[in-house]
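The values are calculated or read from the model by the stated rules, or taken from the named source; none is laboratory data. Keep in mind it's a predicted model, so treat the numbers as computed, not measured. A quick note on method: Cβ atoms are made from the backbone with ideal geometry, for glycine too, and the neighbour counts reach across all protein chains shown.
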Amino acid sequence: MRRVELGASIAGCLLVLVALVVIWVARLSIPRALYVSELGAQGMPTARWFEIALLLVVVGGSAVAWAGRRVRSNARGLRAWTPAVSLWIACGLFLFASQVTCTAGCPLPYGVTFNLQDFLHTLAAVLAFAAACWAMLQSSFAHNHRVLALFSRTTGIGVAIIAGAGGLLSLFRYQVVFGSQLEFVATTLAIAWLIVFGSVLAARIATHQPQEAIS
């Protein structure tokens, strides 16, 4: 079982890393400001690649979550379920968002151009980010691994604030270019955290340290 968990954590990290590279290559191929979801919008040349990237995040994130399924937070209010469950919820929502994409231009959540498809995609993406941030906060109470705890806490708060600011700028149609940049930073940080989390799991499994020591 330990070898399977080690393989799952390493494979998950690699898949998520590839997803991050694909997202940024796709982003750099578009010579204008845009939000992350617009990479997968109908009619965009990056739509297929963005779908692949999200699916890689789903598969890789699920594998990392399975490898770390015994990790549990000791903090009251965060230990009702494990970080793995939060990650699986986020992965499920990202899977939905990869198949129900926003329409051309990714309309803002109001106005005549905004429809049910855009609403469902936006809702899934927002809830997925929220679940991922919750997993980070759950992992931030790592009594026996201070580096992971500090990284998780900093990243979780950072992703929530940066993604929230980017979303508000988009909502109010103010400094949209800067808002889109903030969203890509938040996306990068969230994926980077998952890679670090999986790497820590792999290191502990490889050195025969109990996962429970993380939480």
The correct count of residues that are among the aliphatic types (A, V, I, L, M) and exposed (fewer than 14 other Cβ atoms within 10 Å of the Cβ) in segment 1-32 is 6
Considering segment 32-45, residues that are part of a loop (DSSP other than H, G, I, E, B) and at pLDDT 90 or above, and then whichever is nearest to E183 (Cα to Cα), we arrive at A41
message: So for segment 166-180 (the condition being within 19 Å of L93 (Cβ to Cβ), at pLDDT 75 or above, buried (at least 16 other Cβ atoms within 10 Å of the Cβ) and touching an Asp or Glu at 6+ places or on another chain (Cβ under 8 Å)), does at least one residue qualify?
response: yes
On the basis of being modelled with pLDDT of 90 or more, buried (at least 22 other Cβ atoms within 10 Å of the Cβ) and part of a helix (DSSP H, G or I), does L194 make the cut?
yes
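Can you confirm whether V4 is among the aliphatic types (A, V, I, L, M), under 25 Å from S180 (Cα atoms) and either free of Cβ contacts under 8 Å to residues at least 60 places away in the same chain or assigned to a loop (DSSP other than H, G, I, E, B) (or both)? Give the derivation first.
Details: among the aliphatic types (A, V, I, L, M): yes; under 25 Å from S180 (Cα atoms): no; either free of Cβ contacts under 8 Å to residues at least 60 places away in the same chain or assigned to a loop (DSSP other than H, G, I, E, B) (or both): yes.
So V4 does not fit the description; no.
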- Item | Check on Q209, on the phi < 0 side of the Ramachandran plot and either polar (S, T, N, Q) or modelled with pLDDT of 90 or more (or both) | yes
Of the listed residues (T82, T113), the one being within 25 Å of S139 (Cα to Cα) and either of a type outside the set (F, W, Y) or modelled with pLDDT under 90 (or both) is T82
- Message: So for segment 65-85 (the condition being buried (at least 21 other Cβ atoms within 10 Å of the Cβ), in a helix (DSSP H, G or I) and touching an Asp or Glu at 6+ places or on another chain (Cβ under 9 Å)), does at least one residue qualify?
- Response: yes
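Quick one: is W24 assigned to a helix (DSSP H, G or I) and aromatic (F, W, Y)? Quick ask: steps written out before the conclusion?
On the way: assigned to a helix (DSSP H, G or I): yes; aromatic (F, W, Y): yes.
Yes; evaluated as a whole, the condition is true for this residue.
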